[in-house]
1. Using label points projected 7 Å from each Cα along Cα→Cβ, tell me how many nm separate residue 20 and residue 52, to one decimal.
2. Tell me the carbon and sulfur percent of the accessible area for the chain, rounded to whole percent, probe radius 1.4 Å.
3. So, in nm, how far is label residue 83 from label residue 6 when the simple model puts each one 7 Å beyond its Cα toward the Cβ?
4. Suppose all protein chains stay in the model; what accessible area per residue would a 1.4 Å probe give for the chain, in Å²?
5. Starting from a Cα-only point model with no solvent, please compute log10 I(q)/I(0) by Debye for the chain at q = 0.12, 0.18, 0.20 1/Å.
6. Work out how much length residue 118 to residue 76 would gain on full extension: take 0.36 nm times their residue separation and subtract the Cα-Cα distance, in nm to one decimal.
7. Listed highest first by mean packing, meaning other Cβ atoms within 10 Å per residue, what order do 109-117, 39-47 come in?
8. Straight-line reach only, C-alpha to C-alpha below 21 angstrom: list the lysines that residue 3 could link to, leaving out same-chain residues fewer than 8 apart.
Amino acid sequence: ATKSAASPQLGWDFRLKKVNSSYYITFSASLDGKTTKEVRSSSIVLDTSNIHHVALTWNKGAVKFFYDGMQKGTATIGTSGSSIIFDSTAPLYIGRDQTSSYFSGTIDELRISQVLRWTATFTPPSSAYTAD
């Protein structure tokens with residue numbers, strides 16, 4: 001999922017990414033609309049025989065990555081506790097980005113929320129969420 005365009009409308013980008021032979025959850029964000037910083041989780045194992053729960057939390061600059069309920073790393077973009085993502089006017093893309101890079105898989109459910117749902121390891125839900 002992404003809500004970003006070319007500078008000066010850079011926003012944020014959340015994806016699964018292959019680097020060499022390893023997979024990661026990545027998050028890029030812009031605080032000024034002109035530059036971005038990308039951070040990534042520790043490596044994850046993807047397979048096509050199971051459904052996986054992938055999550056990211058953003059809390060004013062503090063980023064946490066979760067994979068199947070297990071915390072897979074933390075990072076900071078800007079100043080933890082006070083950073084705000086640039087409010088880009090770009091469209092929201094799900095399953096692709098503004099450059100037409102596509103996700104080859106199935107997305108069962110996507111939630112973009114202003115609620116900080118997880119702060120530590122959790123049990124992934126087995127049913128759909130209710131509205132915030």
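1. Taking the two extended label points, one gets 1.8 nm.
2. On the chain, the fraction of accessible area on carbon and sulfur atoms equals 50 percent.
3. 2.6 nm
4. 62 Å²
5. Debye intensities relative to I(0), on a log10 scale: -0.46, -1.11, -1.37.
6. 13.5 nm
7. Top of the packing list down: 39-47, 109-117.
8. Within reach: 17, 18, 34, 37, 60, 64.
The values are calculated or read from the model by the stated rules, or taken from the named source; none is laboratory data. Please read these numbers as outputs of a predicted model, since none were measured by experiment. Please note: Cβ atoms are built from the backbone with ideal geometry, for glycine as well, and neighbour counts cover all protein chains shown. Quick note on the areas: whole protein, heavy atoms, side chains included, nothing else; ligands and nucleic acids left out. Shrake-Rupley method; radii C 1.70, N 1.55, O 1.52, S 1.80 Å.
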